[in-house]
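The values are calculated or read from the model by the stated rules, or taken from the named source; none is laboratory data. Computed from a predicted structure; not experimentally measured. A quick note on method: Cβ atoms are made from the backbone with ideal geometry, for glycine too, and the neighbour counts reach across all protein chains shown. When the accessible area is computed, the model is the full protein with side chains, heavy atoms only, and any ligands, DNA or RNA have been set aside. Shrake-Rupley method; radii C 1.70, N 1.55, O 1.52, S 1.80 Å.
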Amino acid sequence: KFMSSVTNEKIRVRLESFNHELLTESCQKITDMIQNLNANKISTIPLPTDKRIYCVLRSPHVDKDSREHFEIRIHKRILEIYA
């Protein structure tokens with residue numbers, strides 16, 4: 001009997017960026033390049049966005065109640081490529 005072996009191999013690529021537009025564009029470019037190589041299936045999985053908030057005193061000496069808040073958002077994606 002002839003038995004064909006099916007491989008369930010996959011590659012996971014994790015991408016992170018502060019700029020969500022650049023991240024989406026990069027995912028699209030990678031997806032387009034891989035589709036030219038005849039991969040079986042490619043899926044993009046969005047992960048939750050991390051939000052880091054930094055609290056900074058406005059004045060170096062007085063008025064401790066006056067503060068500014070800055071945030072950095074880290075957008076993440078996973079590309080799963082099934083071979």
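Side notes on the structure shown:
- For K29, the lysines whose Cα falls under 18 Å of its own Cα, not counting residues fewer than eight places away in the same chain, are K41, K76.
- Of the chymotrypsin sites (Phe, Trp or Tyr not before Pro) found in the chain, those in coil by DSSP whose Cβ has at most 15 other Cβ atoms within 10 Å are F2, F18.
- Distance between the pseudo-spin-label points of A83 and E16 (7 Å out from Cα toward the beta carbon): 2.6 nm.
- Dipole check for the chain: with +1 at the C-beta of Lys and Arg, -1 at the C-beta of Asp and Glu, and the Cα centre as origin, the magnitude is about 340 Debye.
- Crossing angle, helix 20-36 versus the chain [Cα axis fit, 0-90 degrees, rounded to tens]: 10 degrees
- Förster radius 41 Å - calculated FRET efficiency between V56 and K29 (Cβ-Cβ, nearest 0.05): 0.65
- Overall, the anisotropy analysis places the chain in the prolate class: the square-rooted eigenvalues a ≥ b ≥ c of its C-alpha gyration tensor yield a/c not less than 1.5, with a/b exceeding b/c.
- Sites matching GluC sites (Glu not before Pro) across the chain that sit in DSSP coil, with at most 14 neighbouring C-beta atoms within 10 Å: E9
- Using C-alpha pairs below 8 Å separated by at least 6 residues, the relative contact order for the chain is 48 percent.
- Think of a 1.4 Å ball rolled over the protein heavy atoms: the chain then has 86 Å² of accessible area per residue.
- The chain - percent of accessible surface contributed by carbon and sulfur, probe 1.4 Å: 53 percent
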